[in-house]
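In what follows, a single structure is set out as structure tokens and then discussed.
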Amino acid sequence: MPPRIVVLAGDGIGPEIVTATCRVMETALRRANAAVELVHKPIGLAALEQQGRTIPAETEAAIKSADGVLLGPLTTHVYDIFDPKTANPSAYLRRNFDLYANVRPARSRPGVPSVAKDVDLVVMRENTEGFYSDRNLLDGNGELRPDADTVLSVRVITRKACLRIARAGFELARARKGKRRVSLIHKANVLRRSDGLFLECCREVAREFPEIAVDDFHIDAAAMHLILKPAHFDVIVTTNMYGDILSDEAAGLAGGLGLAAGLNAGERLAMAQAVHGSAPDITGKGIANPSAEIMSAAMLLQWLAERRDDAALGCAGEAMQTAIDATLAQGKTLTPDLGGRASTAQFAAAVVEMLEGRG
Ligand code: NAD
């Protein structure tokens, strides 16, 4: 049976970039002789309007029996997270399907204007706890308001989550065969217990990977080092909120959010999801850069290829990454965020041509 991927378009620019992604993915799969079943289901604000829930039961059931998910960005700030009918799908799926490892690569590329030319790193961000108040308690919300003028935010750090994100980071550093370095990012000078536990767990896992160099930085210093010496970094392992912030910073250095891909991986399921949001300022204009979503889908195919020992799927994923790089390097068909004038659909067509050897 071919793997099944549930496709969820999302809000804002989501439908525009997910349509482009499916077009590219279908071409890559066909050319690699790889089979995937794509099943489209409603999600987000469109699902709320049509079915009264942001995550309809049919969508959740489809994900339960799927091998992967392709999710478009969501306009998360408008969701009423205190009402189960209007749950934020991104948080809900990450938590309820235990997609604990948020893998966010950032790389400078020929042809792409960028602040730094020597970025080649991956942020391995813990995805299920930390400061994210809508997912870090079994019941209720981690932001508590004892009176009108006081709010307490609960940050959850567990040994289990630290150990497994550390392991994912070290395994990635080994597989990348790059600088072979893991940088642990924390604030253990202040958050002695929580980030102290994070560091303790990471160092325990590090002992199993003697060939990987390890260093650590406080989050504030890391934010500066990332700008001043991005080439130092290979794999960054960190907790949820630090990882969210550092991955946007790395994306900004390497050419912007339009190129920032991401995968949310668990033991059984993985969900492709670009780092960026739903970009309300450009929604409906047909000019969003679909590269991040396309490369997220490619990461999903590569993840599935490894799990299923399916070389054809891996070839399809790799071909998508290569075709994006080649289209960007050629520089003829770029979306406005990269200084070009192409539409989302024109960019996707250029990537398809590249895949078909006509670029
Ligand atoms: P954003 O990432 O949507 O946009 C930030 C800037 O980057 C905007 O100027 C936007 O036009 C640009 N941009 C983003 N993606 C682009 C693309 N593919 N091509 C070209 N330009 C692109 O961040 P925001 O404005 O802070 O948030 C908008 C909404 O998205 C909010 O509701 C926020 O909560 C939500 N959000 C969702 C996710 C997600 O679903 N994973 C992630 C971040 C933010």
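The values are calculated or read from the model by the stated rules, or taken from the named source; none is laboratory data. Not measured: the values here are computed from a predicted model. Virtual Cβ from ideal backbone geometry, glycine too; neighbours counted across all protein chains shown.
Condition first: in a helix (DSSP H, G or I) and more than 16 Å from the ligand (Cβ to nearest atom). Now tell me which residues in the range 74-95 satisfy that.
If we filter the range 74-95 for residues that are in a helix (DSSP H, G or I), which is where we start, we get 76-78, 84-86, 89-95.
Across the range 74-95, the qualifying residues are Pro84, Lys85.
Name the one entry in Val156, Val78, Val123 that is surrounded by fewer than 21 Cβ atoms within 10 Å (Cβ to Cβ) and in contact with a strand residue (DSSP E or B) (Cβ under 8 Å, 6 or more places away or on another chain).
Details: Val78 fails: in contact with a strand residue (DSSP E or B) (Cβ under 8 Å, 6 or more places away or on another chain); Val123 fails: surrounded by fewer than 21 Cβ atoms within 10 Å (Cβ to Cβ).
So the residue among Val156, Val78, Val123 that is surrounded by fewer than 21 Cβ atoms within 10 Å (Cβ to Cβ) and in contact with a strand residue (DSSP E or B) (Cβ under 8 Å, 6 or more places away or on another chain) is Val156.
Restrict the check to the range 6-28 and report whether at least one residue is under 23 Å from Thr335 (Cβ atoms), more than 16 Å from the ligand (Cβ to nearest atom) and without any contact (Cβ under 8 Å) to a residue 40 or more places away in the chain. Before the answer, list the steps.
Filtering the range 6-28 down to residues under 23 Å from Thr335 (Cβ atoms) leaves 7-28.
Next, from what is left, pick out any that are more than 16 Å from the ligand (Cβ to nearest atom): 25-28.
Next cut, without any contact (Cβ under 8 Å) to a residue 40 or more places away in the chain only: 26.
Yes; the residues of the range 6-28 include at least one that is under 23 Å from Thr335 (Cβ atoms), more than 16 Å from the ligand (Cβ to nearest atom) and without any contact (Cβ under 8 Å) to a residue 40 or more places away in the chain.
Can we say Glu16 is more than 14 Å from Ala87 (Cβ to Cβ), modelled with pLDDT of 95 or more, among the acidic types (Asp, Glu) and surrounded by 23 or more Cβ atoms within 10 Å (Cβ to Cβ)?
On the way: more than 14 Å from Ala87 (Cβ to Cβ): yes; modelled with pLDDT of 95 or more: yes; among the acidic types (Asp, Glu): yes; surrounded by 23 or more Cβ atoms within 10 Å (Cβ to Cβ): yes.
Considered against the rule, which asks whether it is more than 14 Å from Ala87 (Cβ to Cβ), modelled with pLDDT of 95 or more, among the acidic types (Asp, Glu) and surrounded by 23 or more Cβ atoms within 10 Å (Cβ to Cβ), Glu16 comes out as yes.
Need the failing condition index for Leu71 against (1) farther than 20 Å from Arg135 by Cα; (2) within 13 Å of the ligand (Cβ to nearest atom), just the number.
For Leu71, the failing item is (1).
Given the conditions (1) under 15 Å from Thr27 (Cβ atoms); (2) in contact (Cβ under 8 Å) with a residue 24 or more places away in the chain; (3) surrounded by 17 or more Cβ atoms within 10 Å (Cβ to Cβ), and given that Ala350 satisfies all but one, which numbered condition is not satisfied?
The single condition Ala350 does not satisfy is (2).
Condition first: in a helix (DSSP H, G or I) and touching a helix residue (DSSP H, G or I) at 6+ places or on another chain (Cβ under 7 Å). Now tell me which residues in the range 348-359 satisfy that. Break it down stepwise before answering.
Pass one, the range 348-359, residues in a helix (DSSP H, G or I): 348-355.
Matches in the range 348-359: Ala348, Ala350, Val351, Val352, Met354, Leu355.
Of everything in the range 311-343, what is of a type in the set (Val, Ile, Thr) and in a helix (DSSP H, G or I)? Give them in sequence order.
The first filter runs over the range 311-343 and keeps only residues of a type in the set (Val, Ile, Thr), leaving 322, 324, 327, 333, 335.
Of everything in the range 311-343, those that are of a type in the set (Val, Ile, Thr) and in a helix (DSSP H, G or I) turn out to be Thr322, Ile324, Thr327.
Quick check on this structure: which one of Val151, Val122, Val112 is among the aliphatic types (A, V, I, L, M) and within 17 Å of Thr238 (Cα to Cα)?
Values: Val151 fails: within 17 Å of Thr238 (Cα to Cα); Val112 fails: within 17 Å of Thr238 (Cα to Cα).
Answer to the check: Val122.
Applying the selection to the range 155-187, what residues are closer than 13 Å to Asn240 by Cβ and either of a type in the set (A, V, I, L, M, F, W, C) or modelled with pLDDT under 95 (or both)?
Answer for the range 155-187, where residues must be closer than 13 Å to Asn240 by Cβ and either of a type in the set (A, V, I, L, M, F, W, C) or modelled with pLDDT under 95 (or both): Val156, Ile157, Ala161, Cys162, Ile165, Ile185.
What helices (runs of 4 or more DSSP H), lying completely within the range 208-310, carry at least 1 residues that are within 15 Å of the ligand (Cβ to nearest atom) and either of a type in the set (Asp, Glu) or more than 17 Å from the chain's Cα centre (by Cα) (or both)?
Values: elements: 219-228, 240-254, 291-308.
By residue number, 240-254, 291-308.
What single numbered condition from (1) among the aliphatic types (A, V, I, L, M); (2) out of contact with any Gly (no Cβ under 7 Å at 6 or more places or on another chain); (3) at pLDDT 95 or above; (4) within 16 Å of the ligand (Cβ to nearest atom) fails to hold for Val39?
(4)
Name the residues in the range 116-152 that are farther than 24 Å from Gln273 by Cβ and touching a residue at least 12 places away in the same chain (Cβ under 8 Å), would you?
Within the range 116-152, Ala116, Asp118 qualify.
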